[in-house]
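Undergrad: Right, I'll just put the structure down here and ask away after.
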Amino acid sequence: MFILCDKILSKNILKPNRKLFSSYTFTCFDEIENVPEIEWTKALKNKNVFLSHSYLSVLHKEKSEHFRFRYVIIYNRKNPIGVVYFQINDFPASLFGELIEKQITELKSKRASIFQRYIDHNEDETIMRLVTCGNNFISGEHGFYIDVNSKKTTFKLVEGVIDCVSKTEKLRGKISAILVKDFYEEGFGDKDCWYCTKFKHFNVEPNMIIDLPSGLSSITDYLATFSKKYRNRAKAIFKSSAPLIKRRLSPEEISKYKNTMHDLYMQVFNQAKFKLVHLSPSYFEDVINSGTNSFYVDAWFLDDKMLSFACGFCLENEVEAHYIGFDYAHNKEFELYQTILYSFIEQAILMRKTKINLGRTASEIKSTVGAKAHEL
């Protein structure tokens, strides 16, 4: 059921040192430049690159009329001990028009036609607001970090902040939602730890993860662990991509090719059934220039034409696959997507990492390179 509702302005939630419980307080910020970097960094303790002030400063540039952020620092007796991150999405009517267009065509009902006419005349109007504790651009537990000994205390603090922030971001009506993402069941996904009974647990697409065996020194060593069928398949992929030249891009090259990279990224983005928000052309350039030393970009060229790219983060023990882009017109001929997957594995082996996070989607193809599904 849809309840159409008007957009309203948020109340002022930016008052400092708001009370949670016991000696815990929090302060909320709506602009990253207003967040005290020293206090944010002290609270985070370098535990999560995707919650770092430098990375969130890059992501803040993606802010738009329908997409914005909230940053929360939690204090215990004025000592910063935790951070919580929110993304707020206002969904225009036009997005729902894309989602239900096929159903309306099939139904041809009077009620559906009325809704379609509403969307056509109000495509820029907000009809749903989603408040997300976490990062809609990345799979994984990137919504908060709190340095306390008790999981129960962590949940109580997070839920207190979510309650305060979400109440001020509501629309009239009942279609707005609060999303807290993403958790592995054995960690914060343990529903018995959550106090709020209004939250409903549901599974999303699993994260596809490769756990590398010890003692590998090359991609050849890794392929030796495969069955003959999959070794032959990998050899065929390498043969198809042999005409391509792979390059690790410098910051200057990322700047030079940023529009090409964005076009290739958008080819992948446009294949998604549900499109939330997409990155701006300057995103990859901004990340490489942000001082996030773990970030890298590889690209594949045919002569002087870039056909694909892949970027990732080399973290303490793992490689985090980030965004990719490729030319669908040449994908099958040069096995562009499969080549990208093997490049993440090769990067992890060369950097002596033990794990590769390949993210969601395309789980069947990712399983052919050794990835296993981990439920979220």
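The values are calculated or read from the model by the stated rules, or taken from the named source; none is laboratory data. Note that the coordinates shown come from a computational prediction; the quantities given were computed from them, not determined experimentally. Cβ sites come from the backbone with ideal geometry, for glycine too, and all protein chains shown count toward neighbours. Heavy atoms of the whole protein, side chains included, go into the accessibility calculation; ligands, DNA and RNA do not. Shrake-Rupley method; radii C 1.70, N 1.55, O 1.52, S 1.80 Å.
Undergrad: For residue 30, what is the net charge nearby, where nearby means another residue's Cβ is under 11 Å from its Cβ and Lys, Arg count +1, Asp, Glu -1?
TA: Details: positive: 63, 68, 70; negative: 31, 33, 169.
Net local charge, residue 30 excluded: 0.
Undergrad: With a 1.4 Å probe and every protein chain left in place, work out the accessible area per residue of the range 7-82 in Å², rounded to a whole number.
TA: Details: 3990 Å² over 76 residues.
Dividing the accessible area of the range 7-82 by its residue count gives 52 Å².
Undergrad: Another one. Give 63/372; 167/372; 181/235; 61/167; 229/258; 235/372 a once-over and call out the pairs whose C-alpha atoms are over 28 Å from each other. Display every interim value, and only then the final one.
TA: On the way: 63/372 34 Å; 167/372 38 Å; 181/235 38 Å; 61/167 25 Å; 229/258 38 Å; 235/372 21 Å.
Check vs 28 Å cut-off fails for 63/372; 167/372; 181/235; 229/258.
Undergrad: Working out 0.36 nm times the residue gap between residue 317 and residue 38, then minus their Cα-Cα distance, what length gain in nm do you get to one decimal?
TA: Values: separation 279, 0.36 × 279 = 100.44 nm, distance 2.57 nm.
Result for the pair: 97.9 nm of gain on full extension.
Undergrad: Related question: For the range 223-376, what is the accessible area per residue in Å² when the probe is 1.4 Å?
TA: Working: 7620 Å² over 154 residues.
About 49 Å² of surface per residue is accessible.
Undergrad: If I compute solvent accessible area with a 1.4 Å probe over the protein chains, what percent of it on the range 315-376 is carbon and sulfur? Each step should come with its number before you reach the end.
TA: Details: 1360 of 2810 Å².
Within the range 315-376, the accessible surface is 48 percent carbon and sulfur.
Undergrad: Which ³J(HN,Hα) values in Hz, rounded to whole numbers, follow from the phi angles of the range 43-58 under the Karplus curve 6.51 cos²θ - 1.76 cosθ + 1.60, where θ = phi - 60° and Gly and Pro get x?
TA: Computed from phi, the couplings for the range 43-58 are 5, 6, 6, 6, 8, 8, 4, 7, 10, 5, 4, 5, 5, 5, 5, 5 Hz.
Undergrad: Among rounded, prolate and oblate, which fits the range 252-375 when a ≥ b ≥ c are the square roots of the eigenvalues of its C-alpha gyration tensor, a/c under 1.5 means rounded, and a/b larger than b/c means prolate?
TA: On the way: a/c = 1.38, a/b = 1.12, b/c = 1.23.
It comes out rounded by the Cα gyration axes.
Undergrad: Which value, in debye to the nearest 20, gives the size of the charge dipole of the range 252-353 about its Cα centre, when Lys and Arg are +1 and Asp and Glu are -1 at the Cβ? Don't skip to the answer; put the middle values down first.
TA: Working: 8 positive and 15 negative charges, 69 e Å.
For the range 252-353, the charge dipole is close to 340 debye.
Undergrad: Test of understanding: what is the full-extension gain from residue 247 to residue 198, defined as 0.36 nm times their sequence separation minus their Cα-Cα distance? Could the numbers behind the result be given before it?
TA: Numbers: separation 49, 0.36 × 49 = 17.64 nm, distance 4.94 nm.
Value of the extension gain: 12.7 nm.
Undergrad: Rounded, prolate or oblate: which fits the range 198-273, taking a ≥ b ≥ c as square roots of the Cα gyration tensor eigenvalues, rounded meaning a/c under 1.5, else prolate when a/b beats b/c? Working shown, then result.
TA: Working: a/c = 1.89, a/b = 1.06, b/c = 1.78.
It comes out oblate by the Cα gyration axes.
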